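> Can you read through this structure? Questions will come right after.
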Amino acid sequence: MVSKSILGLYLTSLLFTHVVHSDEMQQPPIHPLDDRVGVSSNPSPGDRIGTGELFDHVVGITEETGLSLEGLWILDGNQLLSGGQSCKRKGTVNNLFQLELLFDPSKVSCWEGALFAVELLQLNGADTNGNAGLVQGFEGLVGPTPLSRTEFYAWWYRQELLDGNLIIRIGKSTPNADFNSVNRLFPMNDKRESPDASGVIYGTIFTQGSLSSFLPNYYNSAFGASVFYFPVNDFYVSLGGYDGNRARGEQTGLRGPQFNGYYFLITESGYSWANAELPGRIAVGAWRQTGKLTLDTDDETITQQGVSGIYLYGSQRLWWVDRENVNSGVVTYLQLGINNTKTLPINKFLGWGLTAYGLVPDRLDDSFGVGLSYAGLNENSEPYPNEWMFQTYYQCCLYDSIYLEPVISYIPRPGAVTGLPQTWAATVRLMALF
């Protein structure tokens, strides 16, 4: 009932905002702050992971070549302040490096709308979330083992057709860049720069909990294809199909495509009011995981032939401070999802947050926010029916595209291990986009 009430209030506010401001369709001006404030605090699932500026200067790559070499480095330290597994209550350090080479053939030929990418990933991680006894994980850099890995992470081709109203992607990728992408405040066909909806560091901001064991995502990319079609500028329908072996525990990020009956199929449709005075968007989706999944318990082996689910997400600009400083203000977002899994940890999910951009005097590139992540847990695999997680952060721009972010996480009752007390955790994350 709580989630239904929240959903009702949220949808009502979206409709009210759209009706009130639908007659004010002037597109806000682009401001230099747009690509500096409110960046992703996890590995970005977007087409571009960095700025390309460092390699432009050092290597001498120019725009005329069509090439862009971009990078992302994230280093963080974590400490359980209370709770967690007492025998493992120690500090951990996680280090991620990604490097991406992009090629735009339109710069050297008449081939318009295409983009090619290859990407490498190096992670040196620790069991940060396992130490806390969590199902969801308050720290999004680490997930399933191995926690230290080197991957040929992505290789894909993206093509825009019909003046950008038809978008196709094929190859090995993280499709949460395209589906359930609540962090993207504007739709895929909108070229304007925008801050991300939140800077929380837990992974469910990118792949909400009811999808997290199924939809390929960081760091388990997978081979597949997607199609997005915009029959009108503010509305789209989409389809995608991918290697679905991640649902049975395969580390798809470390191997090539597999065609063995395990597939992940997804469709999504969304509507946006991106040019209104208070922009927003909303989308709904449905998905199907094929193949036989099993769970071994103390009493029996549970089997299930395929899993299905639905989800909804949206984001809404609530307030501007100054229209000349486009991103100064507040944004909210909402995620909902449910599935019928009998073998994997999360059946239901609710995510919500508020993010403020450029509100601190003389610190217009900074942002801060709060996030809530609720998981309804599978009673066959987890000892508790649910797990709540709350997080707050301050993202400080040190210089250009280098950010320092302190984070506090609170979990009233960790859901993966019985008998653990409430848990508080502190994280300090350093991020560099180059």
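> State whether one or more residues within the stretch 412-429 are over 23 Å from LYS90 (Cβ atoms) and not hydrophobic (A, V, I, L, M, F, W, C).
no
> Against the condition farther than 13 Å from PHE214 by Cα and in a strand (DSSP E or B), how does TYR242 come out, does it pass?
For TYR242, the condition - farther than 13 Å from PHE214 by Cα and in a strand (DSSP E or B) - is not met.
> Residues of the stretch 214-237 being outside any strand (DSSP E or B) and either among the small types (Gly, Ala, Ser) or farther than 21 Å from GLN98 by Cβ (or both), which ones?
PHE214, SER221, ASN233, ASP234
> Spot the failing condition for SER109; the list is (1) in contact (Cβ under 8 Å) with a residue 12 or more places away in the chain; (2) more than 26 Å from PRO383 (Cβ to Cβ), and only one is missed.
(1)
> Can I ask one more? Looking at the stretch 172-217 only, could you name the residues that are at pLDDT 90 or above, of a type in the set (A, V, I, L, M, F, W, C) and touching a helix residue (DSSP H, G or I) at 6+ places or on another chain (Cβ under 9 Å)?
PHE179, VAL182, ALA197, LEU211, PHE214, LEU215, listed by residue number.
> Now for a different question. Quickly run through the stretch 252-307 and pick out the residues that are of a type in the set (D, E, K, R), open to solvent by 30 Å² or more (accessible area, probe 1.4 Å) and under 30 Å from TYR153 (Cα atoms).
Hits for the stretch 252-307 are ARG255, ARG288, LYS292.
> To continue, here is another question. For GLY224, indicate whether it is surrounded by 18 or more Cβ atoms within 10 Å (Cβ to Cβ) and not polar (S, T, N, Q). Write out each step before concluding.
Working: surrounded by 18 or more Cβ atoms within 10 Å (Cβ to Cβ): yes; not polar (S, T, N, Q): yes.
Taking the combined requirement at face value, the residue satisfies it.
> Further question on the same structure: Suppose we filter the stretch 399-414 for residues that are buried (at least 24 other Cβ atoms within 10 Å of the Cβ) and over 18 Å from GLY369 (Cα atoms); how many remain?
Qualifying residue count for the region: 1.
> Pick from the stretch 146-172 the residues that are acidic (Asp, Glu) and part of a strand (DSSP E or B): which of them is least open to solvent (accessible area, probe 1.4 Å)?
It comes out as GLU151.
> Report the residue count in the stretch 359-418 for those that are within 30 Å of PHE55 (Cα to Cα), part of a loop (DSSP other than H, G, I, E, B) and without any contact (Cβ under 8 Å) to a residue 24 or more places away in the chain.
Residues that pass the stated criteria total 1.
> With the condition kept exactly as written, say whether any residue in the stretch 123-145 is open to solvent by 10 Å² or more (accessible area, probe 1.4 Å), among the hydroxyl-bearing types (Ser, Thr, Tyr), more than 17 Å from PHE228 (Cβ to Cβ) and not in a loop (DSSP other than H, G, I, E, B).
no
The values are calculated or read from the model by the stated rules, or taken from the named source; none is laboratory data. Every value quoted in this text rests on a predicted model; they were computed, and no experiment measured them. Reconstructed Cβ throughout: ideal geometry from the backbone, glycine too, with neighbour counts over all protein chains shown. Ligands, DNA and RNA are stripped out before the accessible areas are found, and what is left, the full protein with its side chains, is counted by its heavy atoms. Shrake-Rupley method; radii C 1.70, N 1.55, O 1.52, S 1.80 Å.
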